[in-house]
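Structure record follows, encoded as structure tokens.
The values are calculated or read from the model by the stated rules, or taken from the named source; none is laboratory data. All values reported here derive from a predicted model rather than from experimental measurement. Cβ placement follows ideal geometry from the backbone for every residue including glycine, while neighbour counts extend to all protein chains displayed. These area figures cover heavy atoms from the full protein model, side chains too; ligands, DNA and RNA do not enter into them. Shrake-Rupley method; radii C 1.70, N 1.55, O 1.52, S 1.80 Å.
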Amino acid sequence: MGRRRRRQPYPADAARALPDAIAALSRTLPAAPSPEIFRRAKFDRPEAAPALWRLLFHVLSPLSADSASVSFALEAQVRWVKSVLHSQGYPRRALVQLQDDGSQGGRELLLALAWLLARGPLPERLLTQSHVRLGDEMPVCECEALASPGPPAPRVEAEGSVDIRHLQWLMGKLQLRWRNLMAGQQEQCALLGKIHLYTRGCHSDRSLGHLSVTETELLRDPEGGRQLLQRLETENARLEAALEWRHRELVFWRWMDTVLDTCPLEASPPTFLPRIPEPGAGAAGLPVRELQALQEELQALQEELREAVEARRATWQAAVGGHGPEWRAARRALQVAVAQDLAALQWAWEQGKGQARPHGPRRLVRTEARVPGRPGLWATEATEALRAREVCLEAMLRQLQGQCRQELARLVGARPGLIWVPPPAR
């Protein structure tokens with residue numbers, strides 16, 4: 001018997017699948033815009049812009065969805081979204097040229113959201129960030145926070161003169177905020193220790209032995225259990241919506257192609273390509289023609305990228321050929337920085353003796369004695385991992401300080417008659 005050909009969806013089925021896909025995506029994202037907002041954004045309707053600005057602010061904000069927009073007006077959110085997208089290497093300049101009042105740019109914001117979705121598993125990252133924590137957790141590593149968000153933004157010269165006193169005031173304000181943050185962290189650790197000590201032996205699980213802050217709060221205020229139950233139900237609904245979004249994702253990317261066709265062309269317009277699922281996760285059901293079309297498109301893009309890289313390499317070689325000593329000095333500085341990073345990494349590897357570093361958040365459990373063979377990460381191991389990370393960060397700090405000194409020396413040399421008095425060493 002021959003293989004049965006998969007029935008192609010009728011236009012009516014495709015029209016129904018698109019709102020379902022957008023609705024599933026909306027339920028996984030904070031602020032939950034309706035599918036009608038997406039439809040109006042495709043036609044660049046002004047009423048869709050404020051909702052999408054708020055959505056991008058929630059998506060890009062490191063704060064939780066509940067407290068992200070408490071003290072920020074719409075104009076501040078717009079400026080912050082522009083700054084973060086620019087720092088992450090967003091290619092379209094039309095977004096930066098939008099007004100700060102948040103009254104326009106629905107289509108551009110839709111493209112920016114699609115660009116964030118195409119870079120990685122955005123719904124999964126948001127779900128991990130906002131999941132309900134029943135225990136007292138401690139992040140052992142900072143892989144997500146320290147990961148490079150993309151290519152560095154080009155340096156932009158400041159318009160007009162910069163008052164050094166204003167920069168000193170900002171630096172002092174930053175140091176004050178940092179000290180307040182450290183004091184708050186120390187006070188939180190002290191309170192956690194008291195709760196774990198006072199509730200020792202109250203937990204039904206012998207491996208834990210004590211209650212967490214959330215469990216203690218439930219004993220103190222039983223009505224808070226309803227709110228916790230509602231939060232858990234909301235999280236389960238978002239997880240179900242994320243699974244549904246993965247099944248309907250391809251429909252959304254086909255629709256985004258039509259949105260991209262309606263946008264004016266720029267020097268390098270972004271191309272949104274969906275990730276092809278792995279075998280066993282639904283890829284066997286995709287038509288062979290669609291996979292072949294995707295393969296041909298990827299090969300064409302790879303060829304265009306190769307030609308662009310060769311052209312830029314030739315331009316760069318022609319440009320740096322006439323610099324002479326300046327280019328060689330920059331190359332030596334780069335070699336020194338790389339050598340420092342390699343030395344810090346080698347030291348961290350030798351301290352760990354080739355073992356894998358602890359990863360992910362861990363639940364804090366207070367124990368009196370170390371039980372052999374018990375799973376978990378002990379405080380000494382976490383301290384060693386943090387000290388290794390501290391060495392790497394100190395090497396990066398010295399590198400950045402050297403670059404700042406070189407930049408200051410360059411600026412002083414460009415201003416004859418300017419006296420440079422370095423700050424006293426502490």
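Here are a few things to note about the model shown:
- Remark on GLU137: its backbone amide H falls under 5 Å from those of LEU364, a criterion applied only to residues 5 or more positions apart or on other chains, H modelled at 1.01 Å from N.
- Each residue, ARG125 and CYS189, gets one label point 7 Å from its Cα in the Cβ direction; the gap between the two is 2.9 nm.
- Couplings for the stretch 191-199, taken from phi via the Karplus curve 6.51 cos²θ - 1.76 cosθ + 1.60 with θ = phi - 60°, read 5, 4, x, 5, 5, 5, 6, 6, 9 Hz in order; Gly and Pro are left as x.
- Chain lengthening between THR258 and THR234 when straightened (0.36 nm per residue, less Cα-Cα): 5.4 nm
- The stretch between MET138 and HIS86 holds 15.6 nm of extra length on full extension. This uses 0.36 nm per residue minus the Cα-Cα distance.
- Here the calculated FRET efficiency for LEU181 and GLU290, from their Cβ-Cβ distance with R0 = 45 Å, stands at 0.35, rounded to the nearest 0.05.
- The heavy atoms of LYS82 present about 20 square angstrom of accessible area, all protein chains included, probe 1.4 Å.
- Solvent-accessible ranking of ILE195, ILE22, largest area first, probe 1.4 Å: ILE195, ILE22
- In the stretch 203-237, the trypsin sites (Lys or Arg not before Pro) that fall in loop regions by DSSP, at most 10 other Cβ within 10 Å: ARG206
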